[in-house]
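See below for the structure under consideration.
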Amino acid sequence: MKDFQAINKINGKAGAVGVNVLVLVAAVGFIGFNALFALNEWEQAVVVQFGDIKGDPVTQAGLHFKVPFIQQVQIYDKRLMRWDGPETTTITKDRKTILVNVTARWQIKDAKAFRQTVGSPERMTTILNGILQGAVRDEIARYDLYEVVRSSNRILEMDSEELITSLVDEDADVDAEDMDLTTLGGSTPALSVDRQGQFQAGRPVVLAGILEEGRARLGQTGTGVELEDILIKQLNYSSAIEANVYAQMNAELQKISAGFRSIGRQRAEQRLGEMERELATIQSQAIEASERIRGEAEAEAINIYADAYNRDPEFYQFLRTLQAYETTLSKNTALIIGTDSPLYELLKR
Amino acid sequence: MQIEVEGKVIEVPIKTFATILVAALVVLSAFTLFYQVAPEEEGLVLRFGRHVKTAEPGLHFKLPFGIDRVIKVPTRILAVESFGYRDNRTGTPVSAYREENSMLTGDLNMVLVGWDVQFSRVNPKDFIFNVQDPINTLRDISQSVMREVTGDRASILILTVGRSEIQQQVRERLQRQCDQFRMGIHINEVNLLFVDPPGAVVDAFNDLNKAEQDAVRFFEEASKQYQERVPRAKGEAQRVILEAEGFRQRRMNVARGESQRFVDMMTAYKQSPDVTRKRLYLETMERQLPGIKEVVVVDEALQGVLPLMNVRGGAL
């Protein structure tokens, strides 16, 4: 701004010297610009003079001075940088071939060292490719696959009963112990734990190992770069063993299906059993009650009859005998009577 | 003004040149003096690269000629990143993102998971100043966390009941990692869009669902039978009892009736027993005799009836 106002003023006073002034101003401006450099918040700079690095790296954002022309400024990022590794084929301790893709965060902590040993982020990527892929391979080879995949033993502590009841029915009264739970993690080995309760294996341990290994290797190179973090972005079976995995999954799923069906049948049979018990109880209770009532009735009837008949048992016997004749004598009966029978008297007449 | 007055003197080409230059600068500075921040944005104002203030939405003044620069960050926009699939405008099949959606589970099986992450850039300063490539870093973390979470769970659980718990776990860990990197990102939501078994085990998995339904159906059929038969049995039981009560009623009534009849007869009989006795006997026999096949009269003096019986037997 100032420069341009100056030009205007000079031009206004004397046109003849304008050319010279303009050239002078341009020259001063050019030199001035070369003596200044602006640094963004996310940047840091090293000042280089004839190939030598002068002073400490500049990390403060804003406008800075340098010696014009003699000193050059090399600007680097000071943010977390991203390294995205290529897919690596790795073999675990239990000889499983897996494809791993890790990614890392790195940061230029010492721009001076970085300028001297690496020079550019692109070169850093190449260096990290070598270091981290090696670290990944070495570290994963020390563990079985399940130790790379899992982070804890929660799969072993999984409440299978809870899972099954939530799958089948909320109010189900199911004995989940009957189910084969291999797929639910029952057969997977536990991650080893040391005396302090720290896991000796598992994904976080593997990642920490890779990070440590990577940091150690990086430290030896003296690049001024710090590894912040390692993440496993992808981790898959190689296509060669996928088919086996599918076969295993199919078998396990079929086992669980069969388990569900048998639980269903078990519960159904249980229900039917309850029903039969209920029916038997209801029916027998009814029979009991009914028989009691009938018994009481009979007893009372006996008393009533006895009361009456006891008043003249002989007459009762007589009446009852006559009644018996009525029912026992029929067409095919031969009647034998004595001559003193009143009936004989009747027949004689 | 001075410049414009002298600008009329055409013989001095240098002055004309200067005038045009200055005019151009004025116009240019007017354009670079103002900037606008949209309603969904915040503007980071950098003076010679140094952050001096953060501008809210609206029209603002700044120093021209690149002294002040403004980086606008859409802080209020809810951004979405998809994993294991893409918004299907291009028609790319999900299988094209196999590497993203294929997960190894804790029981060393495989599941396919597609999810999205909804986030906002809540802290524009952190978002721009701390991480070089925040969006791709977020993508790295998201994939890593999802693999970690699914890698610690059983496939059957992930495929069935574990979804909401997984979403929550991934969201929490994702946020924690973003905070660790000071990325200025807030994770609003993690949505599992699909959790599928691999193609080769789809049939077995579907059969698993069917097996669950079968299990429920078996039980419900039994329950239905229970519901039908138990109340009916209760009704029948009541009927049996009521019938018994009916029986009692009848038995009482009959007993009382017959007793009374006997008592009445007895009372009358006692007044003239011999005649009545004979009459009753004869009347009964009279009724019965026509139906009897033969009547054998035996002399009281004879001992037994057997010989006669034998003769009859032989005749037949």
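Worth pointing out:
- Figure legend. Inter-residue proximity from the stretch A:108-125: first residues crowded, with 16+ Cβ neighbours inside 10 Å, second residues assigned to a helix (DSSP H, G or I), beta-carbon distance below 6 Å, spacing 6+ or different chains. Indicated pairs: A:Ile108/A:Phe114; A:Val118/A:Met124.
- Candidate set from the stretch A:247-273 (those that are surrounded by fewer than 20 Cβ atoms within 10 Å (Cβ to Cβ) and of a type in the set (S, T, N, Q)); member that is modelled with the lowest pLDDT: A:Gln248
- Selected residue [within 30 Å of B:Met103 (Cα to Cα) and in contact with a Leu (Cβ under 9 Å, 6 or more places away or on another chain)] from A:Ala141, A:Ala104: A:Ala104
- For the stretch A:288-299, the set of residues classified as of a type outside the set (S, T, N, Q) and either touching a helix residue (DSSP H, G or I) at 6+ places or on another chain (Cβ under 6 Å) or touching a residue at least 12 places away in the same chain (Cβ under 8 Å) (or both) consists of A:Ala289, A:Ile293, A:Arg294, A:Ala297, listed by residue number.
- Considering the conditions (1) within 29 Å of A:Ala104 (Cβ to Cβ); (2) assigned to a loop (DSSP other than H, G, I, E, B); (3) facing another protein chain (nearest Cβ under 9 Å), B:Val122 is excluded by exactly one of them, (3).
- Lone qualifier among A:Glu298, A:Glu276, A:Glu314 - being of a type in the set (Asp, Glu) and surrounded by 14 or more Cβ atoms within 10 Å (Cβ to Cβ): A:Glu298
- The stretch B:244-257 - residue that is within 7 Å of chain A (Cβ to nearest Cβ) and surrounded by fewer than 18 Cβ atoms within 10 Å (Cβ to Cβ) and, of those, nearest to A:Pro313 (Cα to Cα): B:Arg256
- Residue count for the stretch B:140-157, restricted to those that are more than 24 Å from A:Ala190 (Cβ to Cβ), touching a Ser or Thr at 6+ places or on another chain (Cβ under 9 Å) and more than 7 Å from every other protein chain (Cβ to nearest Cβ): 0
- Candidates A:Ala45, A:Ala27 - the one that is farther than 22 Å from A:Leu211 by Cα, assigned to a strand (DSSP E or B) and among the small types (Gly, Ala, Ser): A:Ala45
- Test result for B:Val170, assigned to a helix (DSSP H, G or I) and out of contact with any strand residue (DSSP E or B) (no Cβ under 6 Å at 6 or more places or on another chain): no
- Qualifying residue in the stretch A:298-309 (condition: part of a helix (DSSP H, G or I) and within 30 Å of A:Ile336 (Cα to Cα)): yes
- Residue list for the stretch A:74-86, restricted to those being surrounded by 14 or more Cβ atoms within 10 Å (Cβ to Cβ) and within 13 Å of another protein chain (Cβ to nearest Cβ): A:Ile75, A:Tyr76, A:Asp77, A:Lys78, A:Arg79, A:Leu80, A:Met81, A:Arg82, A:Trp83, A:Asp84, A:Gly85
- Subset of the stretch A:258-284 [of a type in the set (Lys, Arg) and more than 7 Å from every other protein chain (Cβ to nearest Cβ)]: A:Arg277
- Checked against the criterion of being under 23 Å from B:Ile141 (Cα atoms), within 12 Å of chain B (Cβ to nearest Cβ), part of a helix (DSSP H, G or I) and not basic (Lys, Arg), the stretch A:229-245 contains not a single residue that satisfies it.
- Yes/no for A:Ile108 being among the hydrophobic types (A, V, I, L, M, F, W, C), over 38 Å from the mean Cα position of the chain (by Cα) and within 12 Å of chain B (Cβ to nearest Cβ): no
- Against the criterion of being surrounded by 22 or more Cβ atoms within 10 Å (Cβ to Cβ), more than 7 Å from chain A (Cβ to nearest Cβ) and within 30 Å of A:Gly202 (Cβ to Cβ), B:Glu100 qualifies.
- All conditions but one from (1) in contact with a strand residue (DSSP E or B) (Cβ under 8 Å, 6 or more places away or on another chain); (2) surrounded by fewer than 16 Cβ atoms within 10 Å (Cβ to Cβ) apply to A:Thr333; the one that does not is (1).
- Filtered residues of the stretch A:63-103 (kept if acidic (Asp, Glu) and in contact with a strand residue (DSSP E or B) (Cβ under 6 Å, 6 or more places away or on another chain)): A:Asp84, A:Glu87
- The number of residues in the stretch A:180-219 that are at pLDDT below 80, crowded, with 18+ Cβ neighbours inside 10 Å and more than 20 Å from A:Met249 (Cα to Cα) comes to 0.
- Taken together, the criteria exclude B:Ser164 from residues that are buried (at least 18 other Cβ atoms within 10 Å of the Cβ), polar (S, T, N, Q) and not in a loop (DSSP other than H, G, I, E, B).
The values are calculated or read from the model by the stated rules, or taken from the named source; none is laboratory data. The structure presented is a predicted model; accordingly, all values stated were derived computationally and were not measured. Cβ: placed from backbone, ideal geometry, glycine included. Neighbour counts: every protein chain shown.
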